[in-house]
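Step one of this worksheet: look at the structure below.
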Amino acid sequence: MADSSLYTKLTSTAKDFVLALSPKKPGNNESDDERFLSHLAPEFAHSWGHKFYVGTQPGVQGSVDGQVFLERMNRLAGQMET
């Protein structure tokens, strides 16, 4: 059985990451870019979805780094209501 401190660390890390996705100010969609990016490894890369779908959508092909991912999420969030 794993050490309980491992689970404590995993829980803390997961909660910190989820909270990093919270809006910078309550009630709006402005992200806290610095807080979010601080949770990503330097080699972070994000790629999208199912191979067939991605193959038909040039805008989501390949992978992006944390900054580009965040910029895309901010564009989407700007179109949503809280």
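Bear in mind that the values in this text are calculations on the coordinates, not laboratory data. Note that this is a predicted model, so its numbers are computed, not measured. Cβ placement follows ideal geometry from the backbone for every residue including glycine, while neighbour counts extend to all protein chains displayed.
Would you work out the relative contact order for the chain, in percent, from Cα pairs under 8 angstrom that are 6 or more residues apart?
Here the relative contact order equals 28 percent.
Sort 18-26, 66-74, 48-56 for me by packing, meaning the mean count of neighbouring Cβ atoms within 10 Å per residue, highest on top.
Ranking, from highest mean packing down: 66-74, 18-26, 48-56.
At 7 Å along Cα-to-Cβ for each site, give me the label-to-label distance between Asp32 and Gln79 in nm.
Result for the modelled spin labels: 2.7 nm.
Report the gain in length on full extension from Lys24 to Asp65: 0.36 nm times residue separation, minus Cα-Cα distance, nm rounded to one decimal.
Extra length from Lys24 to Asp65 when fully extended: 12.7 nm.
Among Ser12, Thr56, Ala77, whose Cα sits farthest toward the positive end of the charge dipole of the chain (+1 at Cβ of Lys/Arg, -1 at Cβ of Asp/Glu, about the Cα centre)?
The residue sitting farthest along the positive end of the dipole is Thr56.
Relative to the longest principal Cα axis of the chain, at what angle does helix 66-77 sit, 0 to 90 degrees, rounded to 10?
Taking Cα atoms only, the helix is inclined about 70 degrees.
Rounded to the nearest 10 degrees, what's the angle between the helix 4-20 long axis and the longest principal axis of the chain, both from Cα atoms, 0 to 90?
With both axes taken from Cα atoms, the answer is about 40 degrees.
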